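Enquirer: Okay, here's the structure, questions in a sec.
The values are calculated or read from the model by the stated rules, or taken from the named source; none is laboratory data. Fair warning: this is a prediction, and the values are worked out from it, not measured in the lab. Virtual Cβ from ideal backbone geometry, glycine too; neighbours counted across all protein chains shown. Ligands, DNA and RNA are stripped out before the accessible areas are found, and what is left, the full protein with its side chains, is counted by its heavy atoms. Shrake-Rupley method; radii C 1.70, N 1.55, O 1.52, S 1.80 Å.
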Amino acid sequence: MALTLGVFAPFSIVPLLVERRLRRVGVDVVGICKRVGTSEDRHWTSFEFEVEPGKVVHYKTALSDRFWGTPGEPADLVYDPSSPWRRVRTKRQLSTRSEGWAVLWSGLLVEVVFLAGYVLYLNYE
């Protein structure tokens, strides 16, 4: 269980909790897609939006299987008013199944395999 919590939680549980919070208290705003890029065969997208007059926030998505915008085009974003520079997602991201679920289930599968191996080892002696 420690492996799942220590290694997989930052990549699965944390993003799921952020998305849940954004659905509950998020503020809708229209931003502009600034850039898209690829790293390690995965994609990132950066956005710029204004939370209040004169206060512009720049946001870059985590690496994903897809691009979340087109440079120069407007994008519908949802941000957390208590932390607009950290907790932001596009409405498209919130409407699709989170990659956090796949990571979570993969981590649990690895944990079950390790546990089964350990039980077999203990029963072998």
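Enquirer: For a quick check of your reading of the model, give me the residue pairs whose first member lies in segment 56-71 and is under 7 Å from H43 (Cβ atoms) and open to solvent by 20 Å² or more (accessible area, probe 1.4 Å), whose second is part of a strand (DSSP E or B) and among the β-branched types (V, I, T), with beta-carbon atoms closer than 8 Å and at least 6 apart or on different chains.
Expert: Listed pairs, sorted by first residue: F67/V36; F67/T45.
Enquirer: Does segment 35-54 hold any residues that are without any contact (Cβ under 8 Å) to a residue 24 or more places away in the chain, over 20 Å from L22 (Cα atoms) and of a type outside the set (S, T, Y), and which are they? Steps first, please.
Expert: Initially, segment 35-54 is screened for residues without any contact (Cβ under 8 Å) to a residue 24 or more places away in the chain, giving 37-38, 40-42, 44, 46, 48, 50, 52-54.
Filter again for over 20 Å from L22 (Cα atoms), leaving 37-38, 40-42, 53-54.
Listed by number, the residues that qualify are G37, E40, D41, R42, P53, G54.
Enquirer: Among the listed residues E111, E125, E50, which satisfies the condition of being modelled with pLDDT of 90 or more, among the charged types (D, E, K, R) and over 18 Å from the mean Cα position of the chain (by Cα)?
Expert: Criteria check complete, one pass: E50.
Enquirer: Give the residues of segment 35-47 that are open to solvent by 70 Å² or more (accessible area, probe 1.4 Å), under 17 Å from the mean Cα position of the chain (by Cα) and at pLDDT 90 or above, sorted by residue number.
Expert: Selection gives T38 alone.
Enquirer: Go through segment 15-32 and give me each residue that's touching a residue at least 12 places away in the same chain (Cβ under 8 Å), within 30 Å of S106 (Cβ to Cβ) and either out of contact with any strand residue (DSSP E or B) (no Cβ under 9 Å at 6 or more places or on another chain) or of a type outside the set (A, V, I, L, M) (or both).
Expert: We begin by selecting, within segment 15-32, every residue touching a residue at least 12 places away in the same chain (Cβ under 8 Å); these are 15-16, 18-19, 21-23, 25-32.
Those left that are additionally within 30 Å of S106 (Cβ to Cβ): 15-16, 18-19, 21-23, 25-26.
Answer for segment 15-32, where residues must be touching a residue at least 12 places away in the same chain (Cβ under 8 Å), within 30 Å of S106 (Cβ to Cβ) and either out of contact with any strand residue (DSSP E or B) (no Cβ under 9 Å at 6 or more places or on another chain) or of a type outside the set (A, V, I, L, M) (or both): P15, L16, E19, R21, R23, V25, G26.
Enquirer: Please state which one of R23, R87 is basic (K, R) and surrounded by 13 or more Cβ atoms within 10 Å (Cβ to Cβ).
Expert: Working: R23 fails: surrounded by 13 or more Cβ atoms within 10 Å (Cβ to Cβ).
Step by step, each of R23, R87 is checked, and only R87 is basic (K, R) and surrounded by 13 or more Cβ atoms within 10 Å (Cβ to Cβ).
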